[in-house]
Every structure is written in C-alpha cells, then in structure tokens.
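Engineer: Could you have a look at this structure, given as structure tokens, before my questions?
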Amino acid sequence: MSNYDMPGQAINQLVEDGKFEESFRDDLFQELTKVRDISSQFFDEIPAAFEITRGTNLLFVEGGGELDLSGIDRPTARQLNAIFFSTDDDVDLTLPNQFRGTVVLGDGNNSLEANNAVIVYSGAGNDTINTGRGNDLVVTGEGDDFVDTGNGRDTIVVGSGNDTINAGNGRDLIIVEKGEDTDNTIVIDGGRGRDTLDLSDVVITSISVTGTNARGRPTSVQIELEHGTTLDVTNVERFIYDVNGDGLISRDETLTLIGLLDIDFDAGPLG
C-alpha cells in the first residue's frame with residue numbers, strides 16, 4: 001500500500017497473497033503481514049488519467065480469488081483512493097459502500113460489485129462489472145465484458161470485445177472508441193433517462209431501425225462500423241457522430257438512415 005505524503009516521495013509496499021483468505025480483509029488495514037517494495041512495473045499499469053497527488057492512498061494487489069471488502073469501516077474506505085490488480089488470475093471483488101475511488105482490474109476474468117460512484121478500468125479478460133448509485137466511469141478492456149452501471153449519470157467507454165452494456169437509470173453517456181478487433185457485436189441498452197451515444201471516434205457504414213413502438217417511433221437500431229463491429233442499440237435518445245471526419249461536429253451535418261430515427265448533431269456540452 002502506498003501513501004503519497006510528500007511531493008515526489010512515497011512509501012511503496014505491495015500486499016501479496018496467492019489466494020485471498022477470509023482473514024485477508026481484516027488484516028489488510030490493520031497489520032500488513034506480507035509486504036514488499038513494489039517496482040516501477042506497477043506504476044506503468046496506472047492509467048494516465050489517474051492523478052497521484054499528496055496524500056493519495058494506493059493499494060496494489062497480487063493474486064486471485066474472492067476479495068470482499070464490504071465490511072471495511074467507513075473512515076478506512078474513504079481514505080483509500082485506488083486499488084490496482086497486477087495479476088492474470090480471476091478476481092471477485094466486492095467494494096465497501098463508502099469507497100469512491102478508482103479500480104484497475106487485471107487480465108483475468110474478473111467480477112466487481114460496487115454501490116457508490118467509482119471509476120473502473122477493465123482488463124483484457126471477460127469481466128462482469130456492476131455498479132450502483134452514483135456517477136460512475138467504466139472503461140472496458142479487450143475482453144467480452146458485461147457492464148451494468150445502475151442509477152446515476154454514468155460514462156461508459158467501449159470499443160473492443162463483444163460487450164454488453166446496460167447503462168441503467170439516469171442521463172448516461174456511452175462512448176464507442178475505435179477498436180482493433182473485427183466482427184464484434186456490442187449490445188448497448190441506455191435504460192431510462194435521456195442517454196447519449198458518442199460515435200465521433202468511429203466510421204459508420206450503415207444504420208438501420210430494428211424495432212419500433214406502437215406509435216411507429218424507433219426503439220432500437222443496428223449500427224455497422226467500418227472495421228466490422230456491430231452495435232445493437234436500444235433506449236438511446238441522442239447520437240453524436242462526426243460525419244465529415246474533421247474532428248468537428250456541427251448542426252448542419254446530416255446522415256442518411258434506413259428507416260426513421262432522430263439524431264441530434266449537437267456541438268454543445270454533453271449531458
């Protein structure tokens with residue numbers, strides 16, 4: 001566990017365990033019995049967007065198995081800023097309700113349960129990520145991931161793998177990035193609320209309406225991307241797409257659709 005108390009200085013230790021035992025949770029924040037200095041390889045795995053500042057508390061974990069942190073007391077959970085997994089083993093992680101930090105998963109087939117606003121970076125495995133209330137950020141990895149962000153104004157970033165996304169309640173933003181895989185299918189359900197699907201990073205080859213309601217208004221569409229990925233989209237009210245590919249999105253850009261669909265090319269702020 002690392003605590004950055006002074007600018008440019010840190011005490012760096014790694015909690016090690018081949019498998020997470022029941023006592024691991026209790027020992028974790030009381031007495032670290034298995035620690036060693038961490039090397040720079042762990043810092044290479046920290047996302048660039050994560051800012052380490054004075055007083056930042058980081059937990060680096062090796063090993064696989066079940067890690068239930070739900071019983072950790074409120075003050076300790078609030079002090080922990082991020083958890084980083086450096087392992088290819090499968091991990092089943094349950095976060096404490098008071099945790100509002102960042103989790104970076106390893107490359108195993110992982111599962112994560114959270115009940116508050118969190119930031120999650122998925123690894124290369126097939127991960128299952130369930131978050132509750134709060135405004136979450138979830139960035140999926142290369143595997144076939146399942147994401148359910150529950151309530152809140154959430155942001156979900158997808159692009160690689162056969163992912164299934166349920167944005168839940170709230171005004172959510174789903175961003176599709178240009179992935180390296182081909183012939184993938186990403187299923188996106190915006191849930192309740194006025195949701196936005198940002199397609200400005202990809203090239204669309206076709207869009208077709210696949211479902212309508214009793215009034216004839218579209219409820220689902222299928223979007224084909226240039227590199228072979230298919231998006232099956234339901235319950236999304238607003239779409240952003242850079243038709244001209246110039247990095248600018250203006251109100252006069254148009255898109256020809258197969259069927260009927262309202263698309264809002266709004267250059268203003270999202271949300």
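The values are calculated or read from the model by the stated rules, or taken from the named source; none is laboratory data. Not measured: the values here are computed from a predicted model. Positions of Cβ are generated from backbone atoms using ideal geometry, with glycine treated the same way; all protein chains shown enter the neighbour counts.
Engineer: Name the one entry in 163, 172, 148, 154 that is free of Cβ contacts under 8 Å to residues at least 24 places away in the same chain, under 19 Å from residue 220 (Cβ atoms) and under 13 Å from the mean Cα position of the chain (by Cα).
Structural biologist: On the way: 163 fails: free of Cβ contacts under 8 Å to residues at least 24 places away in the same chain; 172 fails: free of Cβ contacts under 8 Å to residues at least 24 places away in the same chain; 154 fails: under 19 Å from residue 220 (Cβ atoms).
Every option except 148 fails the conditions.
Engineer: Continuing with the same structure: Here is a list: 150, 179. Which entry is under 19 Å from residue 201 (Cβ atoms) and in a loop (DSSP other than H, G, I, E, B)?
Structural biologist: Just one listed residue meets the conditions, 179.
Engineer: Would you mind stating whether residue 95 is among the hydrophobic types (A, V, I, L, M, F, W, C) and modelled with pLDDT of 80 or more?
Structural biologist: Yes; evaluated as a whole, the condition is true for this residue.
Engineer: State the number of residues belonging to segment 153-166 that are assigned to a strand (DSSP E or B) and more than 15 Å from residue 111 (Cα to Cα).
Structural biologist: From segment 153-166, those assigned to a strand (DSSP E or B) are 155-158, 164-166; that's our starting set.
Cutting the leftovers down to more than 15 Å from residue 111 (Cα to Cα) gives us 155-158, 166.
Number of matching residues: 5.
Engineer: Is it the case that residue 72 is surrounded by 20 or more Cβ atoms within 10 Å (Cβ to Cβ) and closer than 16 Å to residue 136 by Cα? Outline the logic, then answer.
Structural biologist: On the way: surrounded by 20 or more Cβ atoms within 10 Å (Cβ to Cβ): yes; closer than 16 Å to residue 136 by Cα: no.
So residue 72 does not fit the description; no.
Engineer: Could you check segment 90-141 and list, in sequence order, the residues that are charged (D, E, K, R) and either within 21 Å of residue 169 (Cα to Cα) or not in a strand (DSSP E or B) (or both)? Outline the logic, then answer.
Structural biologist: Step one: list which residues in segment 90-141 are charged (D, E, K, R), which gives 90, 92, 100, 107, 113, 127, 133, 136.
90, 100, 107, 113, 127, 133, 136 - these are the residues of segment 90-141 that are charged (D, E, K, R) and either within 21 Å of residue 169 (Cα to Cα) or not in a strand (DSSP E or B) (or both).
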